[in-house]
Amino acid sequence: MNRPAKKVKQRAGQEGWEPLLELLRKFRDDRDWKQFHNPKDLAAAIAIEAGELQEHFLWKTREEVAADLSVAGRRQAVVDELADVLICSLLLADCLGVDIDEAVRAKTAVNAKKYPVSKARGTARKYTELRGGSRGSGSA
């Protein structure tokens, strides 16, 4: 995109994800939806919501995407779908008892080993193609 990305906004304090989780639990519990929130269905919901997010970009050039995102209503539709993906992801983490902060930090550490800067900088190749330094076919 042509415009610089904004930094992810964070709330002040050390509450972490808990205020959002409390908000989502209350929303869910007020509607008696906990009965539907199991790992299988929440994982399916993430995939479905991610598909709805992807629809906003499907078959469009970078320029078309940039133009769409410059229109407030279209940008808001993308933000709404992204929020749905995040909501379902947070609810799944809560259902599984996953510490989100710990999980993200641990996975980032794993990815740092799989994609060392010296081999991965500026390339989109998969980590399996970076191991031996071979270019590979690009299909992984």
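Note on surface exposure: Y127, Y115 rank Y115, Y127 by accessible area, highest first, 1.4 Å probe. Lysine pairs in the range 32-127 whose alpha-carbon atoms fall under 26 angstrom of each other, counting only those eight or more residues apart or on distinct chains, come to 6. Looking at the range 46-96, the accessible area is 65 square angstrom per residue; that uses a 1.4 Å probe and ignores ligands, DNA and RNA.
Packing here is the average count of other Cβ atoms within 10 Å per residue, and on that basis the peptides 37-46, 65-74, highest first, run 37-46, 65-74. Among S118, S89, the sequence by solvent-accessible area, most first, with a 1.4 Å probe is S118, S89. Neighbours of A106 by Cβ distance under 14 Å: Lys/Arg scored +1, Asp/Glu scored -1, total +1.
The values are calculated or read from the model by the stated rules, or taken from the named source; none is laboratory data. Model, not experiment: these values are computed from the prediction. Positions of Cβ are generated from backbone atoms using ideal geometry, with glycine treated the same way; all protein chains shown enter the neighbour counts. Calculation scope for accessible area: heavy atoms of the full protein, side chains included, ligands and nucleic acids excluded. Shrake-Rupley method; radii C 1.70, N 1.55, O 1.52, S 1.80 Å.
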